[in-house]
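Asks: Here it is, the structure in full.
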Amino acid sequence: MTRNLAEHTISILVYNKPGVLSKVMSLITRRGFNMESVSAEKTTGDKTRIIVAVRADEQSLEQIQKQLYKIVDVLKVTPIDPEHRIIKELAFVKVKNASGSTSRTGNMELFQLVAVFGGEIVNATPSGFVFQVTGSRDKINSFLSLIPENLIVEIARTGIVAINKWPSTVE
Amino acid sequence: MTVYNGARIVIECLKKENVDTLFCYPGGVVIPIFDELYQHGEGIRMVQPRHEQGGTHAADAYARSTGKPGVVLVTSGPGATNTVTGIATAYIDSSPMVVITGQVSTRYVGTDAFQEADITGITMPITKENILVREVEDLAPAIKRAFHIAVSGRPGPVLVDVPKDVLLAETEFTYPEEFSLESYKPTYKGHPKQISRAMDLIAEAKRPLILAGGGIQISGSTDLVARFIDRYAIPVVYTLMGHGVRPSDPAMSVGNIGMHGTVFGNWAVQNCDLLIALGTRFSDRIIGDTVSFAPKAKKIQVDVDPAEIGKSVEVDVPIVGDLRNVMAKMLEMKRKKPDTAPWLSELQKKRAEFPLTYSQGDDIKPQFLLEKARDILPRDLIVVTDVGQHQMWCHQYFDYTLPRSFITSGGLGTMGYGVPAGIGAKLGNPDREVVVFCGDGGFQMTLQELITIRREKLAVKIVVLDNSFLGMVRQWQDLFHGKRYSGVDLGGNPDFAALAQALGIRARRVEKPDDVEPALREMAASKEAMLLHVIISKEENVWPMVAAGSSLNDVRTS
């Protein structure tokens with residue numbers, strides 16, 4: 001049986017208590033779901049919002065939501081509607097100075113690429129640069145695919161944050 | 001204002017929760033609690049097992065047989081990790097427990113200190129909730145939370161980990177009157193529209209069947225379900241955990257479902273047109289192959305845990321709620337009684353066609369032993385089992401007419417459960433006869449708890465069915481692995497009767513079929529604990545059987 005494993009984004013509101021994030025992560029992996037991305041931060045009061053992207057078919061997606069509700073400190077589990085959402089991820093990409101390298105791509109091409117993707121150069125030194133790009137996972141993935149691999153020193157990504165648009169609010 | 005240290009607070013919280021029995025084993029970091037128990041433990045019976053695993057199984061069985069949470073107190077590190085099998089056993093069978101573990105002082109947590117184990121990390125997947133208490137002010141609220149969560153909704157074990165410095169720190173003691181948490185609100189009331197839809201399906205059904213799961217006795221609805229069966233003349237099949245429903249007409253009970261269910265029980269499931277699943281999670285051991293399971297039936301499922309609905313089997317009418325409320329509501333709604341007479345007579349024919357059978361021999365057949373036990377032991381008996389072939393025979397050969405009277409490790413299948421579980425069941429039900437049936441393999445995993453039985457002067461009766469094999473594994477090797485009996489031969493077993501006597505338990509060895517009845521009568525008459533070491537035929541298999549993952553249509557009877 002082939003299963004259609006689409007990527008789904010789930011927004012999980014929890015009490016901000018020690019161990020809750022690890023309970024959520026452990027449950028998702030233990031029940032056999034592939035986690036693509038995770039981000040978490042305190043929101044208001046004593047609550048934290050965790051955003052996870054998982055690969056799952058529709059039936060498993062429903063099951064994972066029910067299982068998440070079994071964690072005592074989980075307040076609300078909301079699937080993010082792919083047709084009706086705002087989604088962002090931020091990536092820092094540390095690249096070597098291209099001039100003097102064997103790469104056919106020069107610094108100017110790199111800067112153009114950053115400009116095309118609406119990114120910023122947030123650090124520039126003779127040794128190299130740090131670019132910042134925000135957007136969907138796809139956008140960041142394609143930005144990364146266009147930078148020659150031998151120039152990339154380090155990548156740091158936040159994981160996605162997502163929210164349903166009005167009127168279907170998350171809370 | 002009452003100021004106590006954390007250790008005293010633990011004891012006072014247990015008193016507030018009316019805990020009468022505490023399964024406890026001391027160790028370094030929990031000495032302060034034992035010190036407070038020594039001075040202020042009035043009203044709490046301290047039961048000290050020989051091993052923390054035994055204490056945890058005993059607490060679990062106390063809970064299963066009484067409905068009250070079982071309470072365990074152990075030390076940090078190995079004391080805590082020794083409870084893990086017991087916690088997992090309770091978790092999968094929805095048995096309420098509160099396990100209090102000592103922990104190294106907060107300043108040592110995370111430093112690999114002596115007897116340190118990350119028990120909240122270890123038990124995360126096998127507890128309903130676990131809490132590491134970091135401040136003494138949080139201790140009483142944590143224990144309140146633990147008891148509340150353990151018994152409410154779908155019950156389960158909760159672990160509270162208390163570092164030594166928290167046990168020694170002092171604070172004002174007040175026990176929270178109530179527990180409420182926005183994120184924890186089990187659904188108790190079933191949705192009226194769904195219940196009404198279910199009743200419509202029932203009224204129209206020609207071949208309805210109730211599938212009785214463990215949730216019936218957990219929710220205290222055995223009587224309501226029996227009334228429902230009586231009123232609508234709907235037959236019922238039982239899962240391993242679902243025994244204890246007693247319809248007025250015994251013919252309404254059509255046996256067991258699943259791998260070692262009866263032929264007609266499984267036939268009923270495969271041929272019904274409406275399956276009413278009450279408090280069952282459709283374990284793989286009962287449904288066999290998912291696709292061909294109950295193919296002709298519309299399905300109604302009632303469960304307090306929404307995550308169990310549609311997890312393994314798709315249902316037409318899901319009802320999330322406490323079965324007790326849902327059943328009461330279903331009984332309130334008046335609907336036409338479906339005409340089930342033809343269906344019932346068909347089932348009776350199947351029952352007559354496929355009785356449970358076995359052939360007598362010169363040796364003691366386990367089925368013969370259990371038939372005799374059923375006839376000789378009191379009707380209100382509590383049967384406790386270990387895991388394996390004898391467990392399935394107990395499932396088949398006793399008539400369970402009372403709730404909470406068949407105590408067995410269903411989901412986890414924990415060998416070694418039987419003897420300590422007998423302790424918990426007897427402590428919870430001192431006026432009822434408690435008999436543990438145990439294989440020779442499982443018996444040897446926790447037999448040191450015979451010492452606890454003697455020390456606590458508990459009249460627990462134990463029947464060891466000894467075939468000198470790990471019988472269930474041997475059966476699978478017989479049927480599916482060309483009789484290559486690998487790792488299952490227990491030949492050279494000790495003389496268990498002599499062993500029991502050495503531990504201070506009255507005992508008798510039984511080797512011939514003619515000796516079975518007198519031995520059982522002697523055991524039944526005994527006012528103190530007694531063990532029967534019964535040598536049974538070596539290679540008896542449990543029949544009927546549906547191979548793992550096969551359709552319930554493919555029941556083998558030999």
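Asks: For the range A:6-79, what is one quarter of the convex hull surface built on the Cα atoms, given in nm²?
Replies: Details: hull surface 16.8 nm².
With the hull built on Cα positions only, its mean projection is 4.2 nm².
Asks: Same structure again: Looking only at the protein assembly as shown, where both bridge partners belong to it, what percent of the DSSP beta bridges are antiparallel (to the nearest 5)?
Replies: Values: 49 of 112 bridges.
Among the beta bridges of the protein assembly as shown, antiparallel pairing accounts for roughly 45 percent.
Asks: Using the C-alpha atoms of chain B, what convex hull volume per residue, in cubic angstrom, is computed?
Replies: 153
Asks: I'd like the antiparallel share, as a percent to the nearest 5, of DSSP beta bridges with both residues in chain B.
Replies: Counting DSSP beta bridges with both partners in chain B, the antiparallel share is about 5 percent.
Asks: Got a sec? Charge dipole of the protein assembly as shown, +1 on Cβ for Lys and Arg, -1 for Asp and Glu; which of A:Ile64, A:Phe131, A:Ile155 is way out at the positive end?
Replies: The listed residue farthest towards the positive side: A:Ile64.
Asks: Over chain B, what is the relative contact order in whole percent, taking alpha-carbon pairs under 8 Å and six or more residues apart?
Replies: In percent, rounded to a whole number, it is 14.
Asks: Over all Cα pairs of the protein assembly as shown, how is the pair count split among 20 Å bins, expressed in % and running from 0 up to the last occupied bin?
Replies: 16, 42, 31, 10, 1
Asks: Using the Kirkwood radius over C-alpha pairs as Rh, can you work out the diffusion coefficient of the range B:154-269 via Stokes-Einstein at 37 °C, viscosity 0.692 mPa s, in µm² per second? Let's see the in-between values first.
Replies: Values: Rh = 17.9 Å.
Rounded to a whole number, D works out at 183 µm²/s.
Asks: Another one. May I have the convex hull volume per residue, in Å³, for the Cα set of the range B:274-362? If you can, show how the numbers build up before the last one.
Replies: Working: hull volume 15.2 nm³, N = 89.
Given the Cα convex hull of the range B:274-362, per-residue volume reads 171 Å³.
Asks: About its Cα centre, how strong a charge dipole does the protein assembly as shown have in debye, to the nearest 20, once Lys and Arg get +1 and Asp and Glu get -1 at the Cβ? Don't skip to the answer; put the middle values down first.
Replies: Values: 81 positive and 83 negative charges, 275 e Å.
Computed about the Cα centre, the dipole is about 1320 debye.
Asks: Calculate, in nm to one decimal, what B:Ser196 and B:Gln448 gain on full extension: separation in residues at 0.36 nm each, minus their alpha carbon distance.
Replies: Going from the current span to full extension adds 85.4 nm.
Asks: I need the Debye-formula profile for the range B:3-172: one equal scatterer per C-alpha, no solvent, reported as log10 I(q)/I(0) at q = 0.08, 0.12, 0.14 1/Å, two decimals.
Replies: Calculated log10 I(q)/I(0) at the listed q: -0.19, -0.44, -0.61.
Asks: Continuing with this model, one more query. Mind jotting down the distance between the C-alpha centroids of the range B:41-106 and the range B:350-391, whole Å?
Replies: 31
Asks: To continue, here is another question. Quick one: divide the alpha-carbon radius of gyration of the range B:184-236 by 2.2 N^0.38 Å and tell me what you get. Numbers along the way, then the final one.
Replies: Values: Rg = 12.6 Å, N = 53, 2.2 N^0.38 = 9.9 Å.
After normalising by residue count via 2.2 N^0.38 Å, the value is 1.26.
Asks: With each label point set 7 Å from Cα along the Cα-Cβ vector, what nm distance links B:Arg455 and B:Thr174?
Replies: Here the modelled spin labels are 4.0 nm apart.
Asks: Sticking with this structure for a sec: Which loop-located trypsin sites (Lys or Arg not before Pro) does the range B:284-342 contain, where loop means any DSSP state but H, G, I, E or B and the Cβ has at most 14 other Cβ atoms within 10 Å? Let's see the in-between values first.
Replies: Values: sites: B:Arg285, B:Lys296, B:Lys298, B:Lys299, B:Lys311, B:Arg324, B:Lys329, B:Lys334, B:Arg335, B:Lys336; in loops: B:Lys296, B:Lys311, B:Lys334, B:Arg335, B:Lys336.
Passing both the DSSP loop test and the Cβ count: B:Lys296, B:Lys334, B:Lys336.
Asks: Averaging sequence separations of C-alpha pairs under 8 Å and six or more residues apart, then dividing by the length of the range B:3-172, give the relative contact order as a whole percent.
Replies: This gives 27 percent for the range B:3-172.
Asks: Using only Cα atoms, find the angle between the long axis of helix A:107-116 and the longest principal axis of chain A, and express it within 0 to 90 degrees, rounded to the nearest 10.
Replies: 40
Asks: Return the whole-Å distance between the Cα centroid of the range B:462-516 and the Cα centroid of the range B:263-302.
Replies: Spelled out, the Cα-based centre of one part sits 34 Å from the other.
Asks: Tell me which trypsin sites (Lys or Arg not before Pro) from the range A:97-152 have a DSSP coil assignment and no more than 10 other beta carbons within 10 Å of their own.
Replies: A:Arg104
Asks: Here are some pairs, A:Lys70/B:Lys15; A:Lys42/A:Lys165; B:Lys68/B:Lys461; which of them have Cα atoms lying more than 25 Å apart in this structure?
Replies: A:Lys70/B:Lys15
Asks: Kindly provide the trypsin sites (Lys or Arg not before Pro) of the range B:388-490 that DSSP labels as loop, not H, G, I, E or B, and whose Cβ sees at most 10 other Cβ atoms within 10 Å. Please list the in-between numbers first.
Replies: Numbers: sites: B:Arg404, B:Lys426, B:Arg432, B:Arg454, B:Arg455, B:Lys457, B:Lys461, B:Arg474, B:Lys483, B:Arg484; in loops: B:Arg404, B:Arg432, B:Lys457, B:Lys483, B:Arg484.
Listed in order of number, the matching sites are B:Lys457, B:Lys483, B:Arg484.
Asks: Taking the Cα centre of chain B as origin and charging only Cβ (+1 Lys, Arg; -1 Asp, Glu), how large is the dipole, in debye to the nearest 20? Intermediate results must be reported in sequence, preceding the final value.
Replies: Numbers: 60 positive and 66 negative charges, 329 e Å.
Using only the charged Cβ atoms, the result is roughly 1580 debye.
Asks: Among the lysines, select those whose C-alpha is under 19 Å from the C-alpha of A:Lys139, and discard any that sit fewer than 8 residues away in the same chain.
Replies: A:Lys88, A:Lys94
Asks: Moving on. Show me the three semi-axes of the equivalent ellipsoid for the range B:366-535, from the C-alpha gyration tensor (sqrt of 5 times each eigenvalue), largest first, rounded to whole Å.
Replies: The three semi-axes for the range B:366-535 are 24, 18, 16 Å.
Asks: In bins 5 Å wide, starting from 0, what share of all Cα pairs of the range B:439-512 does each bin hold, as a percent?
Replies: Reading the bins upward from 0: 3, 14, 23, 20, 14, 11, 8, 4, 2, 0.
Asks: Among the aspartates and glutamates, which have Cα under 16 Å from the Cα of B:Lys16 when same-chain residues fewer than 8 positions away are ignored?
Replies: Candidates past the 8-residue exclusion: B:Glu36, B:Glu42, B:Glu172, B:Glu177, B:Glu178.
Asks: I need the Kirkwood Rh of chain A: take the reciprocal of the average 1/r across all distinct C-alpha pairs and report it in angstrom.
Replies: Details: mean 1/r = 0.0558 Å⁻¹.
One decimal place: 17.9 Å for the Kirkwood radius.
Asks: Mind pulling up the Rg/Rh value for the range B:192-353? Radius of gyration and Kirkwood radius, both on Cα. The partial results should precede the final answer.
Replies: Values: Rg = 13.9 Å, Rh = 15.2 Å.
Ratio value, two decimals: 0.92.
Asks: Would you kindly give the portion of the calculated P(r) for the range B:99-142 that falls above 16 Å, as a percent of all Cα pairs?
Replies: So the portion of pairs separated by more than 16 Å is 41 percent.
Every read-out reported here was derived from the displayed coordinates using simple, explicitly stated rules and does not represent laboratory data. Being a predicted model, the structure only gives us computed values, none of them experimental. Glycine gets a Cβ as well: all are built from the backbone with ideal geometry, and neighbour counts include every protein chain shown.
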